[in-house]
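Data block below; observations after.
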Amino acid sequence: MDKEVSLELTPTWALVTVVVVMVSLGFFFQGSLKQLAKWLDRTKRKALLSALDKIKEELMVFGLLSLLMGHWIVFVAKICVKTSTLNSTFYPCAVKKNNLTPGQHVLSSVKYPNDSFVKELVHKQKNEYCPEGQEPFVSHESLEQLHRLMFVLGATHVSYSFIAIALAMIKIYSWRTWENQAKTMALRSVLGSPEAAFDETRQLSTFISHHTSHPWSQHRVLVWLLCFSRQFWSSINQADYMALRLGFISKHQLPLTYDFHNYMLRSMEEEFRDIVGISAPLWIYGICCIFLEFHGTDLYFWLSFLPAILILLIGTKLHRVVVKLAVEIMNSFRRLGNRQFNLRDELFWFGKPRLLLWLIQFISFQNAFEMSTFIWSLWEINGSSCFMDNETYIVIRLVCGAVTQFWFSFITFPLYIIITQMGAKFKKTVVSENVRKSLHGWQRRVKAKQSSSTSNLLALPSTTSLGSSMTDSELSRGGSSTRVEDKSAALQHQEASTSQAVTNGTSQDNETLEVSLGSGTPCYDSSSDEDDAGVHDLGH
């Protein structure tokens, strides 16, 4: 092998070419993300803009890890330990019984793209840094491979995030036709058309019949088998969408013309913001996977089935919620003659709908982790190795990961978005960002006017009807004190009415906006055109 050439002996035009390519790629990706952020800000998609910020943070973390590993590899490779401490039991690949050391066996049995360079480098470093009877704690080539694995993991996870939101949007946007039909029926119902009431009853009857006609639908155990099988041949149809939309609107006393579809899109953006990025528990899980992947466990192979199992469980649970609602409506109509939805958090595991979101976040990370290890194996290893020795396992892992990611993005995530709205509380995205700003601004102005009016009333001098000033003792006995108290009471009553319509707090647990929408559109100050348009949008 030729001697390596240092920087001082490299032509400047070659160095400039490399630098220009790297800087150009950096500015290209930075400009692309900046333009995407501007478009999201211009279209008022603040949740997706926050999700993009989290993706940038994730890229920054991986970039920092890459920078640290690129400079610390040399120092970590100089750490030497006794050869006996490197127990081959914890090696990912089995070591054949021969006279070679474990490190030499790996180099002799696996062909890397830079095979000869690696052998020379490892032997040189071993002889230079480690005395006889000792081995490097982590070899230089192992750290380089780990470095490349982190790069592939970051790129794969970010790509999977974009794929997930794109497929989910395609699925939910396909429901827009049903929303338009529902709003048309609602407008005809407002106008008193008897056909609208008939269509609504027919849709609800179809929903109930579809989910309760099977004999297993009311069985406590067999209904789970029914829901498990239903997710393969039936998802959300038009009758389901109409019924769930009606249940949500009836529960929260919204107008029949409320745009439920836009609410779901805003909710999906909020939920997507929470599942992007790699949180600390996911990092701990990934580290544990690397630690436990030693010879004989086949951990990577078995973990490839975990996302598929979780997706099937989540899909079964979501369909179980729909069947339970349909059965409850049917039984309630038989006993009481009404068809009201009993929406509540107890329909979900442990009464926490967001538990399903955490599982979805884990599924996304596991799919990315599985695919990244496969891509890394194709990149790094060009020969016989425990990572690539069984082609059947490779095909199973690859197909299972691809199908699971598509199923999760196109089926499970949209199904989660619409069915988790059947909880007891709605999210703050029930109104658009402009309406929320208008309501909060309107409330601040009412409070400011109330405070200013109270201060002015208390600052007025107390006078008699003849214009003579009253003494403090006379003021305490009556007179204008009664009028001041009456006006203060009226203002307090006005403030109470305003607070009943709008509050400025959101719950940290359920992120719901406490807005009294059932009492109609609140009064508002016409001094701001932007606020006027925002409040008018509330009824739409």
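Select from Val327, Ser267, Gly351 the residue farthest towards the positive end of the dipole of the stretch 247-360; place +1 on Cβ of Lys and Arg, -1 on Cβ of Asp and Glu, and compute about the Cα centre.
Of the options given, the answer is Val327.
Go ahead and run the numbers for FRET between Val327 and Val23, Cβ-Cβ distance against an R0 of 51 Å, rounding to 0.05. Show your work: numbers first, answer last.
Values: r = 63 Å, r/R0 = 1.23.
So, using R0 = 51 Å, E works out to roughly 0.20.
Could you give the distance between the Cα centres of the stretch 273-294 and the stretch 1-63, to the whole Å?
After rounding, the separation between the Cα centres reads 25 Å.
Using a Förster distance of 45 angstrom, determine the FRET efficiency expected from the C-beta separation of Gln181 and Val76, and round it to 0.05.
So, using R0 = 45 Å, E works out to roughly 0.10.
I'd like to compare 245-257, 442-454: which one has the highest average count of other Cβ atoms within 10 Å, and what's the full order after that?
Packing order, densest peptide first, comes out as 245-257, 442-454.
Taking a threshold of 31 Å on the Cα-Cα distance, which of the pairs Lys34/Lys427; Lys38/Lys352; Lys34/Lys449; Lys56/Lys324; Lys183/Lys425 fall above it?
Beyond 31 Å between Cα atoms: Lys38/Lys352; Lys34/Lys449; Lys56/Lys324.
If r is the Cβ-Cβ distance from Ala424 to Val138 and R0 is 41 Å, what FRET efficiency results, to the nearest 0.05?
0.20
Obtain the nm distance between the two label points defined at Met60 and Val190 by a simple spin-label model: each point lies 7 Å from its Cα along the Cα-to-C-beta direction.
Rounded to a tenth, the inter-label distance reads 4.6 nm.
What full-extension length gain, to one decimal in nm, is calculated for Gln253 and Gln35 as 0.36 nm per residue of separation minus the Cα-Cα distance?
74.5 nm
Subtracting the Cα-Cα distance from 0.36 nm times the residue separation, let me have the gained length for Val399 to Leu68 in nm, one decimal.
115.7 nm
Calculate the all-directions average of the projected area of the stretch 148-436's alpha-carbon convex hull, and give it in nm².
Taking the Cα atoms of the stretch 148-436, their convex hull projects to 17.7 nm² on average.
Using a simple spin-label model with points 7 Å from Cα along the Cα→Cβ vector, what separation in nm is obtained for Asn237 and Trp283?
With each label point 7 Å from Cα toward Cβ, the separation is 4.8 nm.
Give me the percent of the accessible area of the stretch 148-436 that comes from carbon and sulfur atoms, probe 1.4 Å, all protein chains in place.
Values: 8270 of 12690 Å².
Answer for the stretch 148-436: carbon and sulfur cover 65 percent of the accessible area.
Multiply the residue separation of Leu146 and Phe198 by 0.36 nm, subtract the distance between their alpha-carbon atoms, and state the gained length in nm to one decimal.
The span from Leu146 to Phe198 would gain 12.3 nm if fully extended.
The values are calculated or read from the model by the stated rules, or taken from the named source; none is laboratory data. Everything numeric in this text was worked out from a predicted model, so none of it was measured. Please note: Cβ atoms are built from the backbone with ideal geometry, for glycine as well, and neighbour counts cover all protein chains shown. For accessibility, only protein heavy atoms count, side chains too; no ligands or nucleic acids. Shrake-Rupley method; radii C 1.70, N 1.55, O 1.52, S 1.80 Å.
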